[in-house]
Each structure stands twice: as structure tokens, then as C-alpha cells.
There are 2 protein chains.
Amino acid sequence: MNAPVISFSRRLRVSPFELRSLEGSKSASVYNHLVLPTCYESLEADYWHLREHVQLWDVACQVQVEVQGPDAAEFVEYLTPRDVSRCQVGQCIYTPLIDEAAGIINDPLVLRLAEDRFWISLSDSDVLLWAKGLALGKGFDVRVFDPDVFPMSIQGPKSADLLSRVLGDSIRELKFFRFVETEIAGTPVVVARTGWSGQGGYEIYLQEPDAGVTLWDTLAAAGEDLQVRVGCPNLIERIESGLLSFGNDMTLANNPLEAGLDRFFKLGKSADYLGRAALEAIAEEGVKNRLVKLVIEGEPIANPRTVYTVQGESGENIGTVTSAVYSPRLCCNIGLGYLPVSYCDEGKAAIVLTPQGPRELRIANNDWSS
Amino acid sequence: MNAPVISFSRRLRVSPFELRSLEGSKSASVYNHLVLPTCYESLEADYWHLREHVQLWDVACQVQVEVQGPDAAEFVEYLTPRDVSRCQVGQCIYTPLIDEAAGIINDPLVLRLAEDRFWISLSDSDVLLWAKGLALGKGFDVRVFDPDVFPMSIQGPKSADLLSRVLGDSIRELKFFRFVETEIAGTPVVVARTGWSGQGGYEIYLQEPDAGVTLWDTLAAAGEDLQVRVGCPNLIERIESGLLSFGNDMTLANNPLEAGLDRFFKLGKSADYLGRAALEAIAEEGVKNRLVKLVIEGEPIANPRTVYTVQGESGENIGTVTSAVYSPRLCCNIGLGYLPVSYCDEGKAAIVLTPQGPRELRIANNDWSS
């Protein structure tokens with residue numbers, strides 16, 4: 001399929017880092033109305049570099065919705081089955097948002113900046129409109145808006161080495177999913193120990209867009225001997241690390257239970273939330289399908305344009321593969337997909353229809369070791 | 001600035017026409033999570049062809065939100081200052097949606113399919129979430145969802161010649177902004193006399209995605225001697241025709257009055273709608289800035305990445321150019337932008353700061369003739 005180049009206009013919002021992140025970017029997508037690079041040198045070269053060194057990512061596309069006001073905590077609770085009351089100021093929590101039918105609206109990080117002030121750091125859907133609509137409709141006393149906040153990410157095993165050169169060794173003590181408000185190169189930033197890879201790292205929330213290039217260059221200069229370079233979320237790494245992509249591995253048509261997001265929350269929080277009845281009914285009945293890690297035999301395959309169909313023993317369609325890639329480290333095709341719970345036991349096999357023909361698929365265990 | 005190629009994944013939804021529309025597409029954008037081609041041969045060649053012949057456009061990115069149910073009419077009224085009660089079944093109306101502060105949420109076409117059933121045919125924002133949130137919050141008795149509906153467009157002066165070969169001469173009688181439900185190549189379609197160019201044409205709403213390529217090929221075959229070819233919304237043509245682009249020429253930060261959208265509706269409809277108080281206050285006070293057509297002197301300039309700043313006589317910033325392009329027919333740079341009302345008289349001049357330096361800018365009249 002022909003892949004046209006991206007044409008820019010004001011409608012694709014500007015990242016404060018794009019002067020740095022577009023340079024050398026071979027391919028990209030659009031995410032929340034911003035450009036998100038997907039490859040620099042090659043998917044594999046980017047992958048190995050990310051696992052060995054440290055990268056700077058332009059993830060300004062992880063846009064924020066800010067919720068402020070007397071009902072802020074109650075309103076954020078209303079958006080999710082996760083218990084937000086347990087989220088302290090300075091903490092971030094992974095927070096699936098659901099609709100009235102328990103369909104997934106988005107799977108953001110929520111940062112609690114104050115008792116009555118939150119950033120919802122989004123995957124790819126206009127939650128600003130969702131949250132505004134609900135808040136207006138239900139009459140919550142909150143202000144919901146998109147603040148001038150632009151995240152970049154430092155990811156890779158040398159992330160702490162790099163960032164400590166700029167912020168001092170105390171940044172090594174920052175706990176997972178905690179953040180601090182500080183300053184880099186004279187500009188105020190929020191630094192969180194989070195990021196969309198399994199290699200460790202930080203996300204830095206810039207609030208003065210004009211300082212974006214200076215912030216970037218400061219980090220790049222500090223890490224020169226660490227082989228820091230520009231990078232981006234990497235398809236191989238994120239599948240290996242079991243990170244789900246909203247829009248790919250889950251959509252509004254999925255509920256958080258079948259997507260396995262219930263490992264992040266306990267059903268039954270006391271606060272009111274939208275979709276509770278639907279979600280509890282699904283839990284009671286038991287999910288029919290479940291998202292699993294899987295291995296696909298044979299030559300390297302491409303990530304599906306949509307999904308690959310999975311067939312059972314008698315050729316009936318039983319499920320889908322939603323993401324797949326060849327892992328040069330594991331030396332096999334790995335992927336994520338939905339299968340009936342009866343098929344979800346480790347080692348179980350089925351057939352997946354790929355553009356290169358049918359292939360055997362096997363349910364993997366959590367670290368892909370069998 | 002480097003322009004990476006678009007990388008595809010399931011998150012970029014599939015258009016039923018993409019097997020045809022991606023072929024030969026040199027550049028593209030992403031719009032409502034779908035790919036929207038922006039250029040084939042060249043911006044100018046595409047432009048001249050569109051003005052002389054007929055083109056097939058993949059505009060599946062104009063996604064629909066369907067509103068059904070007892071409160072459907074009341075709910076659609078609630079979303080807009082336009083009087084929806086005057087929209088008959090079989091009619092489509094251009095319908096700015098606004099928020100509580102009268103900011104523009106989207107500027108869709110609304111198609112009334114039945115007294116209690118509407119399609120909202122969107123520009124680039126997730127109105128599904130906005131409408132669902134508001135309907136849930138306010139307790140409207142409606143179903144709000146994204147139906148399997150995928151528009152393509154036939155645009156250009158030979159559009160009626162082409163479509164009448166497929167649907168018979170009666171389609172020539174279809175009035176502007178009216179639609180009929182019919183069938184092409186065995187698949188049910190809604191055909192509307194609408195489209196995002198000033199060259200005339202139709203939009204065809206496909207409901208069976210698997211029939212997309214057949215529909216496309218049927219139209220392409222019927223128009224071979226009319227020099228039909230694949231095309232897309234054209235920057236030159238749409239600015240010449242004064243068509244505003246949501247995200248470019250207006251955003252949530254603009255109200256419909258300053259954007260001049262009040263030529264499509266009268267303030268003061270009897271039905272209740274969100275943002276009425278804010279919009280009426282703006283109307284009463286009078287807008288400070290207004291969107292105008294303008295001409296920019298000198299060599300051809302590029303469309304702005306965001307906006308170009310406009311300065312007044314004493315060098316103070318007074319406004320912005322939001323879209324601009326060189327028109328090979330008018331032999332000058334034309335554009336759209338916001339200026340203080342005191343500057344909005346035809347012929348009035350100011351300075352616009354372009355990447356090629358300051359240029360004189362002049363307010364144009366409606367048909368760019370002075």
C-alpha cells in the first residue's frame with residue numbers, strides 16, 4: 001500500500017519539540033491531532049538502541065485535559081472504575097475511562113496535582129469533549145480545559161543517568177508513578193517516573209512551549225556520551241513489554257475486563273461512576289474473550305492494518321490478533337489479540353490468517369518464555 | 001521541515017475506498033482517525049482538473065454520528081444555535097456545534113433521515129464523545145453512536161454528467177443540500193448534493209464497507225471519457241471558494257459570529273441550546289474580530305504551519321492569517337484570517353509576517369475581484 005507523506009497545516013497541532021523530533025523521522029502517525037513519529041533509523045535499530053541506551057521522545061501528542069474545581073475529585077472518580085481517592089497529590093495512576101456500556105473511552109494516566117486539580121494525560125481520543133460534555137450535562141462544578149502542557153519522554157536503561165546530570169541524583173529516588181514539580185533549563189516542568197516502554201524512564205511535562213527546543217537540547221547535550229538520541233514509542237518494544245495501545249488493542253467496543261485492565265483496579269469502589277452497572281454485569285457473567293500475548297510461527301509478519309482473524313480447530317472464526325511484530329531478540333513473531341477464554345491457556349494453539357497465509361498461533365506466557 | 005510517511009495501524013481506521021484513494025496519493029493528513037489524501041499530481045494540477053472535469057474523493061474521514069430516539073430532534077437542537085426544526089427529512093443543513101462558551105466544537109452537516117433520526121457528518125473532532133457525554137449527562141432519551149457509514153464525494157463541473165449515467169437523469173434534479181436514498185452497483189447509498197468544493201457535486205454515503213471498491217470502480221468506469229480521476233479536497237480551490245476548515249480557520253477558541261457562520265442561522269430560535277447565553281452576549285456586544293478573505297502581495301507563499309501574524313500601521317499585532325495559498329488562476333496569494341472589525345473593510349491594508357518576510361495584505365471582496 002502506498003504511504004503518502006504527512007502534509008502539515010494548523011489543524012495538526014504544533015509540538016514544541018517538532019523542530020527536533022521531525023528531523024530524521026522516516027514515518028509517523030497522527031495522534032490527538034499531533035504528529036507522533038513511529039520510526040527513525042529502522043524499527044529494529046530503534047528497538048536495540050532503546051534497550052541499550054537512552055532516547056528522547058516527542059510525545060506532545062499525549063495531550064492533557066485539566067480538571068479543576070470543587071467537584072474535581074468527584075468528577076474524575078465519575079469517569080473511571082478505578083478508585084481515584086487513593087491517588088495522592090504527586091502520584092499518577094493508570095486510569096481506564098469507560099462509557100455507560102463499560103466501553104473504553106481512553107486509557108490515560110491521571111496526575112493529581114492538588115486535591116482538587118488533575119491532569120488526564122491521554123491516549124488517542126478527544127476526551128476534552130467527553131469530559132466537558134459529561135461535566136456540563138451532569139452539572140459538576142469543575143473547569144475542564146486543555147492546558148498548555150506538552151510531554152516529552154526520556155526512555156531507556158540510561159534514563160536515570162541522563163536525567164540525574166540535569167536534576168541531580170535525587171531524581172533517581174523518584175518512585176514509579178510519582179512526579180515532582182521542578183525546573184530544567186530555566187523552565188518549569190513536571191517530571192514523572194513513567195513512560196510508554198518497559199525500559200524505564202521519565203516523562204517531562206513542559207508548560208512553556210517556547211522553551212521546548214531548549215529543554216530538548218539541554219537533555220541531548222547532557223547525554224551525548226550516553227549515546228542519547230531521538231526516538232519514539234517502538235512497536236517491538238511495547239508489544240514485548242505488553243503495553244496495550246488504545247485504538248489498536250482496545251477500542252470503545254472493548255470493556256476493561258476483557259482487555260485485562262482490571263489488574264489496575266478493584267471493582268466495587270464506593271464512589272459513583274459511569275458504567276458501573278454495565279461493568280459489574282460483565283464481571284458477574286464473566287468475560288467471553290480475553291486479551292492474550294501470543295506467538296505466531298514462521299517468517300516475520302507485518303503489523304495488521306486492522307486485525308488478523310484467528311480460527312479454531314474446525315476453521316470457525318474465534319478471535320483476532322490486534323498487534324503483531326517480529327521480535328529480533330525473541331526470534332519469533334509476537335502479538336496481542338482476543339481469544340475466547342477457553343483458548344486462553346498458555347501453550348494452546350489456533351490458526352491465524354495473515355497476508356502470507358495461515359500460521360499457527362500459540363498462547364504465550366507473561367514473559368514470552370514459553 | 002522533514003515530512004515523514006504515514007505509518008498505518010488499526011488505530012488509523014480503514015476507509016472502504018483506501019485501496020483506490022491511497023494509490024498515487026503523494027501527501028495526506030489524518031482526519032477523525034482516518035487518512036485524508038491532500039495531493040495527487042500536484043496542488044495546481046489537481047486544482048485545474050477539479051475545475052474542469054470531475055473527481056472521486058475518499059472522504060470517509062467525514063465520519064458520522066447517528067442520533068436516534070424520542071428526544072433526537074430536541075437533542076440535535078440542543079447542540080447548535082441553528083434552527084434544526086426547519087430541517088426536513090431529506091434535507092441536510094450546515095450546523096455549527098458550540099460549547100457553553102459559544103466556542104466551535106465542530107461544523108458538521110446534519111442530515112435528517114427521519115423525524116427522529118439524524119446523521120451528523122463531521123469535520124475533525126470526536127463529536128461522538130461530546131454528544132454521548134452531553135446526552136448521558138442531561139438525560140436525553142437518545143441513542144448516540146457511530147454507524148457504519150462512509151462518505152465518498154464526486155466533485156467538479158462534470159459531476160452531474162457522471163452521476164446521471166449511473167443513477168439516471170433524475171439525479172440532476174436533486175436540489176442543493178437535499179439527499180435521496182438509492183442504490184449504486186447493488187449497494188444502498190445516500191446521495192446528497194453537497195461537497196467540500198465550489199465546483200458542484202455530490203456526496204455518496206456508503207453503508208456496506210465491503211462494497212466500497214465496487215462503488216468506486218463503477219463511478220470511475222462510468223466517467224472514463226469525462227476524464228474522471230481520483231482527487232481530494234484542494235487547498236487552492238477551497239480557499240477560493242471561501243470554505244472554512246475546522247482546525248485551521250476556526251477552533252474551539254473561535255465563536256461562530258467572528259467566523260461568519262451566522263450567515264447560516266438566525267440568532268433567537270425558540271428551542272433550548274447549549275451556549276445560548278454566551279452567544280447572545282457576544283452578539284449584543286458585537287464581535288471584535290472577523291474572519292475575512294484577503295490577498296497577500298508578492299511571490300507565492302506557503303500555507304502557514306499554524307498562523308501568520310498580521311501587524312497594523314504602527315507594528316502592533318492585530319490579527320492572524322489562518323490559511324493561505326497561491327492561486328494560479330487569480331495570479332496572487334489568497335487567504336483567510338481574523339482581523340479587528342475596524343480593519344475588515346474591503347481594500348484595507350495591513351502587514352503580514354511570512355517566513356519570506358513582511359508582505360502587504362489587503363482585504364478582498366467576496367469574489368476576490370478587488
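The values are calculated or read from the model by the stated rules, or taken from the named source; none is laboratory data. All values derive from a computational prediction rather than experimental measurement. Cβ: placed from backbone, ideal geometry, glycine included. Neighbour counts: every protein chain shown. Each accessible area value is taken on the protein alone, full model and side chains, heavy atoms only, with ligands, DNA and RNA left out. Shrake-Rupley method; radii C 1.70, N 1.55, O 1.52, S 1.80 Å.
Quick check: Cα centre of region B:299-336 to Cα centre of region A:334-368, how many Å?
55
In Å, what Rg and Dmax follow from the Cα atoms of region B:17-150?
Expressed in Å, the Cα Rg and Dmax of region B:17-150 come to 16.9, 51.
I'd like to check one number: the per residue accessible area of chain B, probe 1.4 Å, reported in Å² as a whole number.
38
With all protein chains present, how much of the accessible area of region A:288-370 (probe radius 1.4 Å) comes from carbon and sulfur, to the nearest whole percent?
Here carbon and sulfur together make up 48 percent of the probe-accessible area.
For A:ILE184, enumerate residues with amide H under 5 Å from its amide H, sequence gap 5+ or separate chain, H modeled in the peptide plane.
It is A:VAL189, by chain and number.
Taking +1 at the Cβ of each Lys and Arg and -1 at the Cβ of each Asp and Glu, which of B:VAL144, B:GLN64, B:ILE105 sits farthest along the dipole of region B:61-177 towards its positive end, judged by Cα position relative to the Cα centre?
Ranked along the dipole, the leading option is B:GLN64.
FRET efficiency for A:CYS332 and A:GLN311, Cβ-Cβ distance as r, R0 = 22 Å, nearest 0.05?
For R0 = 22 Å, the calculated efficiency reads 0.65.
Using protein chains only (no ligands, no nucleic acids) and a 1.4 Å probe, work out which residues of region B:118-148 have their accessible area cut by at least 10 Å² relative to the chain alone.
B:ASP124, B:SER125, B:ASP126, B:LEU128, B:LEU129, B:TRP130, B:LYS132, B:GLY133, B:LEU134, B:LEU136, B:GLY137, B:LYS138
Could you give the C-alpha radius of gyration of region A:288-370 expressed as a fraction of 2.2 N^0.38 Å, taking N as the number of residues it contains?
Numbers: Rg = 11.3 Å, N = 83, 2.2 N^0.38 = 11.8 Å.
Working it through for region A:288-370, the quotient is 0.96.
Run the simple label-point estimate for B:GLU23 and A:ASP141 please: 7 Å along Cα→C-beta, distance reported in nm.
Those two pseudo-labels are separated by 6.2 nm.
Applying 1/(1 + (r/R0)^6) with R0 = 22 Å to the Cβ-Cβ distance of B:ALA281 and B:SER85, what FRET efficiency is obtained, to the nearest 0.05?
With R0 = 22 Å, the Cβ-Cβ based efficiency is 0.40.
Long-range amide H contacts for B:VAL230: which residues qualify at under 5 Å (H placed 1.01 Å from N, peptide plane, sequence gap of 5 or more or a different chain)?
Long-range HN contacts for B:VAL230: B:LEU56.
From the backbone phi of region B:296-306, what are the Karplus-calculated ³J(HN,Hα) couplings (6.51 cos²θ - 1.76 cosθ + 1.60, θ = phi - 60°) in whole Hz, Gly and Pro given as x?
10, 5, x, 4, x, 10, 8, 4, x, 4, 10
Kirkwood Rh, Cα Rg: Rg to Rh for region A:105-190?
Reported Rg/Rh (Cα atoms, Kirkwood Rh): 1.04.
Have a look at region B:305-339 and report residues whose accessible surface goes down by 30 Å² or more when the remaining protein chains are included, against the chain on its own, probe 1.4 Å, ligands and DNA/RNA excluded.
Those residues are B:ARG305, B:THR306.
222 nm [θ] for chain A, helices only, -39500 (n - 2.57) per DSSP H run of 4+, per residue, to 500?
Roughly -5000 deg cm²/dmol at 222 nm, from the helical runs in chain A.
Could you put B:ASP345, B:ASP99 in order of accessible surface area, largest first, with the 1.4 Å probe and the full protein assembly present?
The most accessible residue leads, giving B:ASP345, B:ASP99.
If you take the accessible area of A alone plus B alone and subtract the pair, what total do you get in square angstrom, rounded to 100, with a 1.4 Å probe?
Roughly 5000 Å².
Determine the distance separating the Cα centre of region A:12-80 from the Cα centre of region B:92-118; give it in Å without decimals.
About 31 Å separates the Cα centre of region A:12-80 from the one of region B:92-118.
Using +1 on the beta carbon of Lys and Arg, -1 on that of Asp and Glu, and nothing else charged, what's the dipole of region A:108-157 about the Cα centre, debye to 20? Display every interim value, and only then the final one.
Working: 5 positive and 7 negative charges, 24 e Å.
The dipole of region A:108-157 has a size of about 120 debye.
Using every Cα-Cα pair within the protein assembly as shown, state what percent have a distance larger than 35 Å.
Numbers: 131108 of 273430 pairs.
Tail fraction, whole percent: 48.
Provide an ascending nm list, one decimal, of label-point separations from A:ALA114 to the equivalent residue in each further copy; define each label point as 7 Å from Cα along Cα→Cβ.
So the distances to the same position in the other copies read 5.0 nm.
Measuring label to label, 7 Å along Cα→Cβ, what does B:GLY268 give against each other copy in nm, shortest first?
6.0
Assign unit charges at the C-beta atoms only (+1 for Lys and Arg, -1 for Asp and Glu), then state the dipole size of region A:195-312 relative to its Cα centre in Debye, rounded to the nearest 20. Provide the component values of the computation, followed by the final result.
Numbers: 10 positive and 17 negative charges, 101 e Å.
The dipole of region A:195-312 has a size of about 480 debye.
Largest first, how would A:LYS158, A:LYS132, B:LYS348 line up by accessible area (1.4 Å probe)?
B:LYS348, A:LYS158, A:LYS132
Please report the antiparallel percentage of the DSSP beta bridges confined to region B:212-370, to the nearest 5.
If I count the DSSP bridges inside region B:212-370, around 95 percent turn out antiparallel.
Out of residues 5 or more away from A:THR354 or on other chains, whose amide H comes under 5 Å of its own, with H placed 1.01 Å from N in the peptide plane?
Residues meeting the criterion, in which the H sits 1.01 Å from N, are A:ARG359.
Taking a label point 7 Å out from Cα toward Cβ, give me the nm distances from B:VAL180 to the same spot in the other copies, shortest first, one decimal.
Ordered by increasing distance: 7.1 nm.
About its Cα centre, what dipole magnitude does region B:147-208 give when the only charges are +1 on Lys and Arg Cβ and -1 on Asp and Glu Cβ, stated in debye to the nearest 20?
Charge dipole, region B:147-208, about its Cα centre: 300 debye, nearest 20.
Compare the Cα positions of A:THR306, A:LEU353, A:PRO328 along the charge dipole of region A:288-370 (+1 at Cβ of Lys, Arg; -1 at Cβ of Asp, Glu; about the Cα centre) and return the one farthest towards the positive end.
A:THR306
How charged is the neighbourhood of A:LEU291? Take every other residue with its Cβ under 15 Å from the Cβ of A:LEU291, and add Lys/Arg as +1 and Asp/Glu as -1.
+1
Any idea how far the Cα center of region B:237-295 sits from the one of region A:174-225, in Å?
Cα centres, region B:237-295 to region A:174-225: 39 Å.
Dimensions of chain B along principal axes (Cα, Å, largest first)?
Here the Cα extents, ordered largest to smallest, are 64, 51, 41 Å.
Cβ under 14 Å from B:HIS49's Cβ, B:HIS49 left aside: what net charge do those residues give with Lys, Arg +1 and Asp, Glu -1? The partial results should precede the final answer.
Values: positive: B:ARG51, B:LYS158, B:ARG229, B:ARG329; negative: B:GLU41, B:GLU44, B:ASP46, B:GLU52, B:GLU237.
Local charge sum for B:HIS49: -1.
If you roll a 1.4 Å probe over region A:113-195 with all protein chains in place, what percent of the accessible area is carbon or sulfur?
Numbers: 1440 of 3230 Å².
That share works out to 45 percent.
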